[in-house]
Each structure stands twice: as C-alpha cells, then as structure tokens.
Amino acid sequence: MKFDLYRLVRENIRGLKPYSSARDEYTSDGSKMVFIDANESPYSNGINRYPDPQQRQLKTLLAESFSLSPANILLGNGSDEVLDLIFRAFCEPHKDNVITMPPTYGMYKVLAGINAIENREVLLTESFELDVDRILESVNSKTKVIFLCSPNNPTGNSFSVKHIEYLLNNFQGLLVVDEAYIDFATQGSWLNKLGQFPNLMVTRTFSKAYGMAGLRLGVCYASENIITILNRIKPPYNVNELTQRKAFQMIQNTALVEEQIAEILTERDRMIGQLAKISYVKEIYPTDANFILVKVDDADKRYQEILELGVVVRNRSTQPLCYNTLRFTIGTPEENETLLKVLNSL
C-alpha cells in the first residue's frame, strides 16, 4: 500500500493558513534597510529585533552537515516542542492513538496525555529489544505515530536496524526515531535513510553531545511534505535570537564536540570496567549512549547512600523491566572518579 501522508493529517490542520509574521513577509537580503514593519523597539541592543522565524542560517548549516535540504528540517524549543508539534499536527484528540515502547523516554506518554491521545504501550523484550509482532498487532486504523528512542533512554541500547525497517515497511503511519544519543553510538543514523522511507521522521537534540541543554534546541528531520505541515502550526518565533546565534557558533566548532565525545566514550568504557568490580552491581547493560544502566542489589537504598555522599544519580526502578536499576551519566574524568570512590565506599 502506498503511503498517504495527508490521510494522517488532522482535518483542521489540512486547511489551516499559518500565521504570517513580519519576518516571513520580508526576508532581508543583507541590504541596509530601515525596519519599521514589526512594531519592535528601534533601539539596538542586539535582541530588539524579532529572530528569523525559519532559522535559515542555522538550517543551512545543518543541511550541509547531513547532505539534506533546509526544507527537510524543523527546529524547535527543545525536542519536546518538536514532539508536541507531531501530536498536534497528526493526532485527533479523543480519537487517535500512538504506540510507545516502555521503558523509554517519559515525555512521549506525557505529551499523549496533554493532547488527549491514547498511548498504547508495548513493552520491550527482556533484552530491551522491540517486540515487532506485538507492536504491529497493537496498530489499528486510528494509530497515527510510533515513537521509539534509539539509543534508548533509560536502557542505553540501540534497536535492531532490521526491526525498525520492518516497522517502516509494514506501518502506514509515521515512525519517529528519537536520536537524542546517536552521537555516542556505533550504529549509523537514520538520517541516511530519509529518502527511502516517506513515513520516517528523525528527531535530535543539542542538549547531549553538543552540550547546549540550557539553550533548548531540538530538531526534526523528515520529508519536505511533513516539515511543511509542521511549519503550519509552529509558533512564529519559537527559536529565539540568542539560541540561534550560540547554536550556529557551537555547531561550527565540531573539533571540540568530537573531542568531548571521544573522552566520554573512553570514560564510559573505563566506568563499565570499574563498575564490574563492585559486589552489589549485579548487571551492567550494554550502552550506546552517554550513560550506563546498572542493576544493583537494592536501588532505593543505594540511591539514598550515594546522594548522602554528594553525588546525584538517577533511580530508574519505577520503570518497566528496570527494577533495582540506577542510571549513571558519564561525567568528566574527575566526576567519574568521585562516583567510583563513593560506590566503592558503600
């Protein structure tokens, strides 16, 4: 069956005419102009003008990095806004449903609740892999989107390429691959396959490898048709001027980012080796992310002990299949050494 994108779009969105801001109607070509069109303050302070609503300079830089077109890119106020826009464009409240695979990133479920969309949960297998048959059995005519995080949070593993391709070929809705941790993985990005699958969407964040969590910048890569629909409903100035400027500057400094990623990967391997020597660590799960999930003897007890010694980790025991697990983000070598000292003192 041929993929039909417009069958998925909410009826009110299909005919929606997006808001046209002053900066949409006139795009500067670099000429010296007098701007008195947008009711801004005329007094220059670096942020008195509205930002580019389409973030053209930043998108051009990203497009060149991945051999894509700027038309394949949507930027948002963090990846959470990007994910929310997907719900609002394609999922009809109180009618449609999405599928998520716990344990996974918790915002998918929260956004489904906010948008009054049924969230059909299909647990991962005991080895934290996709249960493809059960996922497809959960699909009905109202299933609009499948959300999966690869590498997955909180488990750290990347999902099988074969399984994801099977879902893409056998699901007539949208499949969103959240690649927040892809920079730490050995598996290639799904960005390389955007042209093969019209129902594929890839979301990313600049909060992890690029170290810009405080800027709040997320990105969605998809077909031009999908991005056009999302652009209809995004707020006109959803990425502020300071974020655009700082991100453009930092994305150009790839040498620094690559150096930091390399150190995190080296430290990750070292930490796995050291954690294996601790008696109350019962299992260390494979990871393609900048964190390690471990099973311990008593997660609630160990979490409290570690906290009292000045280190904050994450207790993931409330998540399905994650009973008695702690998640350790890889820090600087000094921070990791502090964690190890604390763990070995217990």
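Figures for the structure shown
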{"item": "Gaussian network model of the chain, Cα within-10 Å springs - most flexible of 310, 76, 46", "result": "46"}
{"item": "DSSP-defined beta bridges in the chain - what % are antiparallel, rounded to 5", "result": "55"}
{"item": "Crossing angle, helix 161-170 versus the chain [Cα axis fit, 0-90 degrees, rounded to tens]", "result": "50"}
{"item": "Residue (of 90, 154, 107) at the positive-pole extreme of the chain, dipole from beta-carbon charges", "result": "90"}
{"item": "Acute angle (nearest 10 degrees) that the helix 333-345 long axis makes with the longest principal axis of the chain, alpha-carbon atoms", "result": "40"}
{"item": "Charge dipole magnitude, Cβ of K and R +1, D and E -1 - the range 32-185, Cα centre, debye nearest 20", "result": "420"}
{"item": "Förster radius 30 Å - calculated FRET efficiency between residue 29 and residue 2 (Cβ-Cβ, nearest 0.05)", "result": "0.15"}
{"item": "Taking the range 186-315 and dividing mean pair separation by its residue count, relative contact order in percent (alpha carbons under 8 Å, at least six apart)", "result": "14"}
{"item": "Overall form of the range 1-149 per C-alpha gyration tensor (a/c, 1.5; a/b vs b/c)", "result": "prolate"}
{"item": "Computed magnitude of the charge dipole of the range 76-123 (debye, nearest 20; Cβ of K, R +1, Cβ of D, E -1)", "result": "80"}
{"item": "Dipole magnitude of the range 197-258, debye to nearest 20 (Cβ charges: Lys/Arg +1, Asp/Glu -1, about Cα centre)", "result": "180"}
{"item": "Choice from 241, 121, 308 showing the highest fluctuation, given a GNM over the chain with Cα pairs closer than 10 Å", "result": "308"}
{"item": "Where only C-alpha atoms are counted, convex hull volume of the chain per residue in Å³", "result": "158"}
{"item": "Global form of the range 71-115, assessed from the alpha-carbon gyration tensor, a/c cut-off 1.5", "result": "oblate"}
{"item": "The range 267-325, relative contact order in percent, only Cα pairs under 8 angstrom and at least six apart counted", "result": "25"}
{"item": "At R0 = 25 Å, FRET efficiency that the Cβ-Cβ distance of residue 309 and residue 334 yields, to 0.05", "result": "0.95"}
{"item": "Residues with amide H under 5 Å from that of residue 316, placed H, sequence gap 5 or more", "result": "325, 326, 327"}
{"item": "Leading residue at positive end of dipole, the range 5-252 (Cβ point charges), from 181, 30, 163", "result": "30"}
{"item": "Percent RCO, i.e. relative contact order, over the chain, from Cα pairs under 8 Å lying at least 6 residues apart", "result": "18"}
{"item": "Computed [θ] at 222 nm, deg cm²/dmol, the chain (DSSP H ≥ 4; -39,500 (n - 2.57); rounded to nearest 500)", "result": "-10500 deg cm²/dmol"}
{"item": "Three-way shape call for the range 124-229 based on the alpha-carbon gyration tensor, with the a/c threshold at 1.5", "result": "oblate"}
{"item": "Folded to 0 to 90 degrees: helix 254-275 orientation relative to the chain principal axis, Cα", "result": "20"}
{"item": "Residue of 72, 253, 48 that the Gaussian network model of the chain assigns the largest fluctuation, springs spanning Cα pairs under 10 Å", "result": "48"}
{"item": "Kirkwood Rh (inverse of mean 1/r, distinct Cα pairs), the range 255-345, angstrom", "result": "13.4"}
{"item": "Pairwise centroid distance, computed over Cα atoms, of the range 166-231 with the range 259-335, Å", "result": "27"}
{"item": "The range 192-346: mean projected area of Cα convex hull, nm²", "result": "12.1"}
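Read-outs: derived from the displayed coordinates by stated rules, not from any lab. Only a predicted model underlies this, so the values are computations on that prediction, with no experimental measurement involved. Reconstructed Cβ throughout: ideal geometry from the backbone, glycine too, with neighbour counts over all protein chains shown.
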